[in-house]
Amino acid sequence: MNTLMTESTERPPSARITALREGALVLTVLACLPYLVLKTAWIFGSHIGIPADSALLGHEGTMRAANGLTVLMDVTAVILAFALARPWGHRIPAWLIAGPLWVATGLLAPIVVAFPLQSLVGSSEASAAPDFLEPWVFTVVYGGFCLQALGLGTLLVLHAVRRWGYLWRGTVRQLPAPSPAARLSVIGAAVVGLLSFLTHAGWASGAHWFRLEAATDAQTLVVHGVNAGLVVLAFAGAFVLVFRSVRRLAAWVPLAAAWIGSSAVGCWGAWMLLTSALTGPVAQDQAPARLVAVFAVAAIAGAMLLVTGAHLFADWARARDRRGEIRGPGEAR
């Protein structure tokens, strides 16, 4: 396919955009450092931030494996930040950029929303298993995650608009018509994801579905409410895109909603499955066998939306190319 470019799209980014990008890169790297230092210290045997009677001290091998994995994830975030901020990042295949960023978005989004809300209903540290870790650890770690999300999110938007922005230019009505398969896939994902929504909504209301006991502290209820809201966000965005409802809405709005919501649903479901496998029950009031089904359903629903989104992007790219629409520097299929 031919790629058309105009003089305006060949111009380098403005000084303001360049400064914003470089600032976001510095913020992301600095936000990752405390977490990396703390986790590395734990890997090498330090007990900083861990009370003497913490249950974590009885599982040294599991701790090292989990900390090694999370260190690798944070290092990947730093590498992604540089890829998004540098011209060579535009030469990386789209899937190799978008895939890890979808995972990063999904793991950070619930924290970014829930952590500030928890501070409004009481100390978020009070509900964060203080017998496992010192309270200051949660402030440092989750505060760093919020800053990391701000920096990485800014880099993602700048990179995506420059590289793929032509795909979602205009309103929902102007998007290429989706295939019947895409619509069926979103409906199927919604049916699967309904269990995740009902579960988190129930927990946020004080129910104890799939658990041995109901959560009662306000901070935990906030987390479940946020998770339920992210399920709604995912499918609200996806339905607007595939059924082209709210036709005058800017196309990037439902796209952002579907991206953030689907990644949060899928990645947190997968993450909880992984942590349950490594550490057993995530809390004493939870029945692991039942929760595995809840987490698995969330992971499947998120994966279905991810695959559907990838096919939508491919369809949009083919339709835009047939129309001869202009791409910017670095824009790729």
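The values are calculated or read from the model by the stated rules, or taken from the named source; none is laboratory data. Keep in mind the model is a prediction, meaning the values are calculated, not measured. Note: ideal-geometry Cβ built from the backbone for every residue, glycine included; neighbour counts use all protein chains shown. Side chains included, ligands, DNA and RNA excluded: accessible areas come from the protein's heavy atoms. Shrake-Rupley method; radii C 1.70, N 1.55, O 1.52, S 1.80 Å.
For this structure, a couple of remarks:
- Condition met for Leu198 (without any contact (Cβ under 8 Å) to a residue 24 or more places away in the chain, surrounded by fewer than 19 Cβ atoms within 10 Å (Cβ to Cβ) and within 14 Å of Val265 (Cβ to Cβ)): yes
- Every residue from the range 148-172 that is farther than 19 Å from Ile260 by Cβ and either open to solvent by less than 10 Å² (accessible area, probe 1.4 Å) or modelled with pLDDT of 95 or more (or both): Tyr166, Thr171
- Residue check for Val253: outside any helix (DSSP H, G or I) and more than 20 Å from His311 (Cβ to Cβ): no
- In the range 161-176, the condition of being in contact with an Asp or Glu (Cβ under 6 Å, 6 or more places away or on another chain), of a type in the set (D, E, K, R) and within 13 Å of Leu84 (Cβ to Cβ) is met by at least one residue.
- One residue stands out in the range 1-30 among those that are assigned to a helix (DSSP H, G or I) and over 21 Å from Ala149 (Cα atoms): the one that is modelled with the lowest pLDDT, namely Glu7.
- Residue ID - nearest to Ala81 (Cα to Cα), chosen from residues in the range 36-54 that are assigned to a loop (DSSP other than H, G, I, E, B) and open to solvent by 30 Å² or more (accessible area, probe 1.4 Å): Phe44
- When the residues of the range 207-246 are filtered to those that are among the small types (Gly, Ala, Ser) and open to solvent by less than 30 Å² (accessible area, probe 1.4 Å), the one that is modelled with the lowest pLDDT is Ala215.
- Options Leu249, Leu255; residue that is touching a strand residue (DSSP E or B) at 6+ places or on another chain (Cβ under 8 Å) and at pLDDT 95 or above: Leu249
- Meets criteria (open to solvent by 50 Å² or more (accessible area, probe 1.4 Å), more than 26 Å from Met272 (Cβ to Cβ) and of a type in the set (Gly, Ala, Ser)) for Ala19: yes
- Taken together, Leu72, Leu57, Leu33 contain a single residue that is at pLDDT below 95, open to solvent by 40 Å² or more (accessible area, probe 1.4 Å) and in a helix (DSSP H, G or I), which is Leu57.
- Checking the range 92-113 against the condition returns no match, with no residue being of a type outside the set (Lys, Arg) and farther than 25 Å from Met73 by Cβ.
- The range 111-134, subset within 27 Å of Asp53 (Cα to Cα), assigned to a helix (DSSP H, G or I) and open to solvent by 50 Å² or more (accessible area, probe 1.4 Å), residue modelled with the highest pLDDT: Ser119
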